[in-house]
Amino acid sequence: MYSKESLLNIDSVVSYKRENIILPHILMNLKDLFKILLRKLLKVLLWAFLISNVYLLLCKWMMPPITLTQFDSLISGYGLKRDYVGMEKIAPSARLAVMASEDQLFPDHGGFDWKSIEKSMKKNKRKSKKLRGAGASTISQQVAKNVFLWQGSGISRYIRKLPEIYYTFLIEWVWGKKRILEVYLNVAEMGPGIFGIEAAAQAYFSKEAKALNRSEAARIISCLPNPKVFTVKPMSRWVSWKYPRVLGQMRNIEVDPDIQKLMYTKK
């Protein structure tokens, strides 16, 4: 039998070991584990960064095999209807319509419309639920988001902004305006599960994208920015209201020589 003093001594020894040997050892192991995980995470991020840059370079000549938005449409039950085509198979009216509706300064800016962003940020101060700067995305920003990133909402939109800025600058530098416009007209969602101007032209008007007239092109583009809600057929109230205004803007900007270069370029 142990005496009361012996038991107290044993408790003291156990307590000492726990506080001075076992706990520090566990904390040290956790610290080492954290360092290992951090190194592995940084390595994965570095490889992902390098691969994405190679992918961006390849996409100067090839269309993206699939985007995250297209994949999400596929697994969400909307399907995936698309038919990538070259710029020579896209009507000038479609090129003009997307610039008139989405980004009238597209030929002139370096990827960002800073005045619109500033205006949007001031406006959104009064709308706490809306991301500051939202609603001022250029065609270049939308391509960077659609091809390399995700749509997302809430906090994920804030997380996306930094890489979106990086990829926007990079495609402006590596691809150039003609390629950016060509990719946009092929990857943008233009109806539930319908991606690109060729698939939209076939779905809504049973014709090729190169045969679209101005009114048809304006109607398709007017489904943006929410093509699942703002439907072309049956024509939603939004599209019915917006497409005549797009037609008006098309007339206003088509005299710009820089707009005309993008409208009529073959490749």
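The values are calculated or read from the model by the stated rules, or taken from the named source; none is laboratory data. This is a predicted model, so every value here is computed, not measured. Every residue, glycine as well, gets a Cβ built from its backbone with ideal geometry; the counts of neighbours run over all protein chains shown. These accessible areas exclude ligands, DNA and RNA; they are computed on the full protein's heavy atoms, side chains included. Shrake-Rupley method; radii C 1.70, N 1.55, O 1.52, S 1.80 Å.
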With all protein chains present, segment 161-240 has a carbon and sulfur share of its accessible area (1.4 Å probe) in percent of 60 percent
Here the FRET efficiency for E254 versus I159, based on Cβ atoms and R0 = 45 Å and rounded to 0.05, is 0.70
Taking 187-193, 137-143 and ranking on average Cβ neighbours within 10 Å, highest first, one gets 137-143, 187-193
Expected unfolding gain across L105-N226 under the 0.36 nm per residue rule, minus the alpha-carbon gap, is 41.4 nm
Distance in Å, no decimals, from the C-alpha centre of segment 39-116 to the one of segment 232-246 is 25 Å
Output ordering of 99-105, 206-212 (per-residue mean of other Cβ within 10 Å, highest first) is 99-105, 206-212
Evaluated at 25 °C and 0.890 mPa s, the Stokes-Einstein D of segment 179-267 based on the Kirkwood radius over Cα pairs, in µm²/s, stands at 182 µm²/s
